[in-house]
Each structure stands twice: as C-alpha cells, then as structure tokens.
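Contents: one structure, followed by commentary.
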Amino acid sequence: MESNYVKFETVCRILEENSFDKSKLIPILQAIQEEYRYLPEEILAFIASSLNISPAKVYGVATFFAHFALQLKGKHIVKVCDGTACHVKKSAGLIDALKNKLGLKAGEHSTKDNLFTIETVSCLGACGLAPVLLIDDDVHGQMTPDKAVKLIDVILGQEGAKE
C-alpha cells in the first residue's frame with residue numbers, strides 16, 4: 001500500500017505541473033485519476049485545500065463528469081455497449097458471461113484483485129459491429145459470450161506471465 005507521503009507527493013507534483021491553477025481543476029483531476037485509477041476522497045479534500053476552493057466544488061466536478069470514478073477501478077476496464085443496436089443483438093448475454101467468468105455477484109463491478117472492472121455503457125459508437133465491447137482501448141465487435149470469455153482468458157494468461 002502506498003504511503004500517504006508518496007500519495008500526496010504525487011498529487012503535489014500534479015498540482016505544481018498545473019501551477020496550482022484552480023481553472024485547471026479538470027486536467028488536475030484527470031491526471032490524478034490516471035495515476036490512481038480513481039479519485040480518492042482524501043485527495044479530493046487535499047486538492048480543494050491546495051487550490052483554495054471548496055471541497056463541494058471539487059466533489060461536484062468529480063461527480064458531474066461520467067469519466068471520473070470515486071471508487072477504485074480494475075487494471076483492465078471492460079465496457080460493454082448496451083445501446084439499441086447492441087441490446088437487440090443480445091449484449092446482456094455478454095455482461096452475464098463476463099460477470100460469471102470473473103465471479104462477480106449482483107451489484108459488483110470489479111474483481112476482488114482489482115484486475116477487471118465491468119461497465120455497461122449506452123453507446124460505443126460502433127453500431128455496425130454490434131454487439132461491441134471495449135477492453136481498455138481495444139474495440140471488439142460482433143462479440144458472443146464465448147468470444148468475450150476467451151478475451152478475458154487471454155488477458156488472464158498475459159497477467160499470469162507477468163507474475
């Protein structure tokens with residue numbers, strides 16, 4: 001676990017890179033989320049204090065934009081499209097297969113080891129490839145539950161090789 005000193009040292013570096021400019025709150029939050037994969041509550045309070053703005057304003061920005069997460073996300077983000085085209089082509093089956101493969105129960109979105117987070121999104125803009133999922137930055141079209149599980153198996157194999 002990262003010490004608070006190191007955690008806040010990183011945040012201070014990001015704040016310095018942005019000249020402690022409160023008008024750069026969104027890029028600051030983006031950089032922090034890039035570093036930690038979410039926006040920890042104690043860091044949001046530290047940012048507010050450092051930029052001399054209210055914690056409510058920082059929290060308001062962090063919760064307004066869907067891009068920001070207040071809970072830790074997995075190393076690999078799997079976004080399953082459930083827009084009209086994907087829904088009609090049974091994207092719900094992809095979600096079920098992925099959650100089953102990863103052992104996620106109802107209401108859970110991230111694996112206990114924080115390796116994967118499954119998210120449902122309204123549209124990925126690839127309707128011609130429906131049903132579609134996005135793993136990290138890679139688009140995978142014309143998916144079936146079996147193909148989706150095989151993609152997870154490939155990542156699990158790659159992650160196992162890193163250990």
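For (1) modelled with pLDDT under 95; (2) part of a helix (DSSP H, G or I); (3) more than 29 Å from L134 (Cα to Cα), each residue gets a yes or a no:
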| residue | (1), (2), (3) |
| --- | --- |
| Y5 | yes, yes, yes |
| E16 | no, yes, yes |
| L25 | no, yes, no |
| I28 | no, yes, no |
| I47 | no, yes, yes |
| I53 | no, no, yes |
| T63 | yes, yes, no |
| A66 | yes, no, no |
| C86 | yes, yes, no |
(request) Could you identify the single residue in I53, I43 that is surrounded by fewer than 18 Cβ atoms within 10 Å (Cβ to Cβ), among the β-branched types (V, I, T) and closer than 17 Å to L15 by Cβ? (result) I53
(message) Condition first: hydrophobic (A, V, I, L, M, F, W, C) and under 18 Å from Y36 (Cβ atoms). Now tell me which residues in segment 52-88 satisfy that.
(response) V58, V61, A62, F65, A66, F68, A69, L70, L72, I77
(message) For segment 98-127, which positions are charged (D, E, K, R), under 16 Å from the mean Cα position of the chain (by Cα) and loosely packed, with under 13 Cβ neighbours inside 10 Å?
(response) K112, D113
(request) Counting only residues that are touching a strand residue (DSSP E or B) at 6+ places or on another chain (Cβ under 6 Å) and hydrophobic (A, V, I, L, M, F, W, C), give me the strands (runs of 3 or more DSSP E) lying completely in segment 107-163 with at least 3 of them. (result) 116-121, 133-135
(message) It is to be established whether one or more residues within segment 56-76 are free of Cβ contacts under 8 Å to residues at least 24 places away in the same chain, surrounded by 15 or more Cβ atoms within 10 Å (Cβ to Cβ), at negative phi and in contact with a helix residue (DSSP H, G or I) (Cβ under 8 Å, 6 or more places away or on another chain).
(response) yes
(request) Answer yes if at least one residue in segment 82-97 is within 14 Å of the chain's Cα centre (by Cα) and outside the structural domain of E41 (by TED's automatic domain parsing), and no otherwise. (result) no
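The values are calculated or read from the model by the stated rules, or taken from the named source; none is laboratory data. Since the structure is predicted, the reported quantities are computational estimates derived from the model, not experimental observations. Backbone-built Cβ (ideal geometry, glycine too); neighbour counts: all protein chains shown.
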